[in-house]
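Here the structure is laid out as structure tokens; the discussion comes afterwards.
The values are calculated or read from the model by the stated rules, or taken from the named source; none is laboratory data. The structure displayed is predicted, hence computed values, not measured ones. Methodologically, a virtual Cβ is constructed for each residue, glycine included, from the backbone with ideal geometry; neighbour enumeration extends over all protein chains shown. Heads up: the accessible areas ignore ligands, DNA and RNA and are worked out on the full protein's heavy atoms, side chains in. Shrake-Rupley method; radii C 1.70, N 1.55, O 1.52, S 1.80 Å.
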Amino acid sequence: MVILDQTRLPEEQVELELRTADDLVEAIRALRVRGAPLIGITAAMGLAALGRQAERAGIPRNELIREARDCAARLMAARPTAVNLAWAVKRLERVLGAPTSTDSPGLARRLAEEAEAIRSQDARMCRRIGEHGLALLGGGHRVLTHCNAGVLATGGIGTALAPVYLARERGMSVRVLVGETRPLLQGSRLTAWELGQAGIEVTVLTDGATGALFHLEPPDVVLVGADRIAANGDVANKVGTYSLAILARHHGVPFYVLAPTSTVDLEAETGGDIPIEHRAADEVRRGFGRTTTAEHATVWNPAFDVTPADLVTAVVTEQGICRPPYRSALRDAASSVTEPGG
Ligand code: MRU
């Protein structure tokens with residue numbers, strides 16, 4: 001399968017061919033594709049590609065199932081916080097376990113259908129999140145976001161950025177501010193790039209400048225995505241989100257989390273039950289070539305943090321706007337999903 005290698009943006013748009021299960025796992029682990037919904041879609045597409053490969057090579061059904069299950073386990077371990085990854089992989093695992101397809105070609109076709117269903121369902125969910133989110137924007141269209149929760153993170157127009165794209169589509173004026181998102185710079189490299197492609201005004205600030213922004217020129221609203229939302233409404237998202245939520249509360253700015261119901265994990269009671277991915281020290285020490293950390297220092301590099309539910313003004317899903325108390329609102333949103341596997 002072919003992916004856009006996001007580690008090369010914004011300097012170059014490079015397509016990368018993934019030929020093996022190892023390539024697929026590496027691409028997800030190295031953030032060549034990233035963003036919770038997109039890694040779920042990529043994993044599903046990758047498992048479907050394994051099916052096509054097996055079909056072409058005449059590999060028997062049982063061997064394909066064994067290979068795909070092994071790959072599924074490695075994929076789920078590659079990025080443990082983003083629950084959409086496990087959600088998508090488990091959907092493909094259900095296809096592998098179903099007795100309906102008796103041969104490799106039949107199984108390969110079913111895997112491809114399920115992967116495409118996940119992608120198109122995500123695209124529809126993004127639009128619906130955008131519609132619900134747009135209704136919340138009111139007259140204020142100076143939006144602060146974090147990391148990248150847009151086209152580059154999903155199968156559609158994004159989650160946190162979906163209302164921005166819809167505002168633009170409808171001729172409303174909208175401006176986006178984004179923190180660079182240390183250490184891998186998804187804000188300055190990816191969000192700024194994709195909004196630029198769409199002709200939307202965007203300003204990048206260093207993560208450390210966010211407090212000054214709230215103090216001097218506060219945004220109208222904060223819109224962020226999520227990697228996993230616990231049953232009580234605690235939200236795991238890119239590290240730095242929690243600080244934004246505290247600033248937003250202190251300055252009276254609404255703080256909205258936008259995510260599909262596939263990001264809600266009702267089995268995680270609270271944020272404390274969400275596994276937080278920690279990444280290599282070298283991302284901080286010499287992320288983009290130069291050594292930027294004194295050698296003797298140790299590094300603490302969590303990829304995500306947890307924002308407590310009481311700092312979240314509302315959670316916007318494709319099913320509508322969930323307000324506190326989140327436990328019942330999220331349960332209702334998750335149980336009203338009617339799409340297959342949703
Ligand atoms: O480490 P990343 O780049 O995969 O982190 C992405 C985020 O934290 C996004 O905000 C989240 O996945 C939501 S994407 C719609």
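Can you find, within the stretch 1-40, the residue that is nearest to residue 92 (Cα to Cα) among those that are in contact with a strand residue (DSSP E or B) (Cβ under 7 Å, 6 or more places away or on another chain) and acidic (Asp, Glu)?
Once the filter is applied, the top-ranked residue is 17.
Do the conditions hold for residue 65, that is, is it away from the ligand (no atom under 16 Å from the Cβ), aliphatic (A, V, I, L, M) and assigned to a helix (DSSP H, G or I)?
The answer is yes for residue 65.
With respect to residue 284, determine if the residue is away from the ligand (no atom under 16 Å from the Cβ), open to solvent by 30 Å² or more (accessible area, probe 1.4 Å) and among the hydrophobic types (A, V, I, L, M, F, W, C).
For residue 284, the condition - away from the ligand (no atom under 16 Å from the Cβ), open to solvent by 30 Å² or more (accessible area, probe 1.4 Å) and among the hydrophobic types (A, V, I, L, M, F, W, C) - is not met.
Six or more apart or on different chains, Cβ under 9 Å: which pairs go from a residue in the stretch 271-293 that's touching a residue at least 24 places away in the same chain (Cβ under 8 Å) to one that's in a helix (DSSP H, G or I)? Could you list them?
Pairs found: 271/309; 274/83.
Please determine whether any residue of the stretch 117-130 is over 17 Å from the mean Cα position of the chain (by Cα), acidic (Asp, Glu) and part of a helix (DSSP H, G or I).
no
Of all strands (runs of 3 or more DSSP E) completely enclosed by the stretch 185-242, which ones contain at least 3 residues that are more than 10 Å from the ligand (Cβ to nearest atom)?
201-205, 221-224
Matching residues to (1) closer than 20 Å to residue 320 by Cα; (2) in contact (Cβ under 8 Å) with a residue 40 or more places away in the chain; (3) surrounded by 24 or more Cβ atoms within 10 Å (Cβ to Cβ):
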site: 124; (1), (2), (3): yes, yes, no
site: 128; (1), (2), (3): yes, yes, no
site: 131; (1), (2), (3): yes, no, no
site: 134; (1), (2), (3): yes, no, no
site: 146; (1), (2), (3): no, yes, yes
site: 149; (1), (2), (3): yes, yes, yes
site: 153; (1), (2), (3): no, yes, yes
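Only residues that are within 13 Å of the ligand (Cβ to nearest atom), open to solvent by less than 20 Å² (accessible area, probe 1.4 Å) and assigned to a loop (DSSP other than H, G, I, E, B): list them for the stretch 157-182, please.
158, 159, 160, 161, 181
Would you be able to say whether some residue in the stretch 86-100 is in contact with a helix residue (DSSP H, G or I) (Cβ under 8 Å, 6 or more places away or on another chain), open to solvent by 10 Å² or more (accessible area, probe 1.4 Å), within 16 Å of the ligand (Cβ to nearest atom) and in contact (Cβ under 8 Å) with a residue 60 or more places away in the chain?
Scanning the stretch 86-100 turns up at least one residue that is in contact with a helix residue (DSSP H, G or I) (Cβ under 8 Å, 6 or more places away or on another chain), open to solvent by 10 Å² or more (accessible area, probe 1.4 Å), within 16 Å of the ligand (Cβ to nearest atom) and in contact (Cβ under 8 Å) with a residue 60 or more places away in the chain.
Look at residue 62 and say whether it is polar (S, T, N, Q) and open to solvent by 20 Å² or more (accessible area, probe 1.4 Å).
When the stated conditions are applied, residue 62 passes them.
Restricted to the stretch 243-274, and to residues that are within 14 Å of the ligand (Cβ to nearest atom) and part of a loop (DSSP other than H, G, I, E, B), which residue is surrounded by the most Cβ atoms within 10 Å (Cβ to Cβ)?
Within the stretch 243-274, the match that is surrounded by the most Cβ atoms within 10 Å (Cβ to Cβ) is 260.
Please go through the stretch 299-309 and give me each residue that is open to solvent by 30 Å² or more (accessible area, probe 1.4 Å) and either without any contact (Cβ under 8 Å) to a residue 24 or more places away in the chain or under 18 Å from the mean Cα position of the chain (by Cα) (or both), ordered by number.
Hits for the stretch 299-309 are 299, 300, 306.
For the stretch 244-270, which residues satisfy the criterion of being closer than 22 Å to residue 153 by Cα and touching a helix residue (DSSP H, G or I) at 6+ places or on another chain (Cβ under 8 Å)?
If the condition is that a residue be closer than 22 Å to residue 153 by Cα and touching a helix residue (DSSP H, G or I) at 6+ places or on another chain (Cβ under 8 Å), then 244, 245, 255, 256, 258, 259, 260, 261, 262, 263, 264, 265 are the ones that fit.
Given the conditions (1) in contact with a helix residue (DSSP H, G or I) (Cβ under 9 Å, 6 or more places away or on another chain); (2) part of a helix (DSSP H, G or I); (3) within 26 Å of residue 157 (Cα to Cα), and given that residue 331 satisfies all but one, which numbered condition is not satisfied?
(1)
Considering 12, 26, which residue is at pLDDT 95 or above, farther than 23 Å from residue 238 by Cβ and open to solvent by 40 Å² or more (accessible area, probe 1.4 Å)?
12
Taking the stretch 1-22, which residues are within 20 Å of the chain's Cα centre (by Cα) and assigned to a helix (DSSP H, G or I)?
6, 7, 8
Look at the stretch 310-342 and say how many of its residues are open to solvent by 50 Å² or more (accessible area, probe 1.4 Å), under 28 Å from residue 92 (Cβ atoms) and modelled with pLDDT of 95 or more.
Residues in the stretch 310-342 being open to solvent by 50 Å² or more (accessible area, probe 1.4 Å), under 28 Å from residue 92 (Cβ atoms) and modelled with pLDDT of 95 or more: 3 in total.
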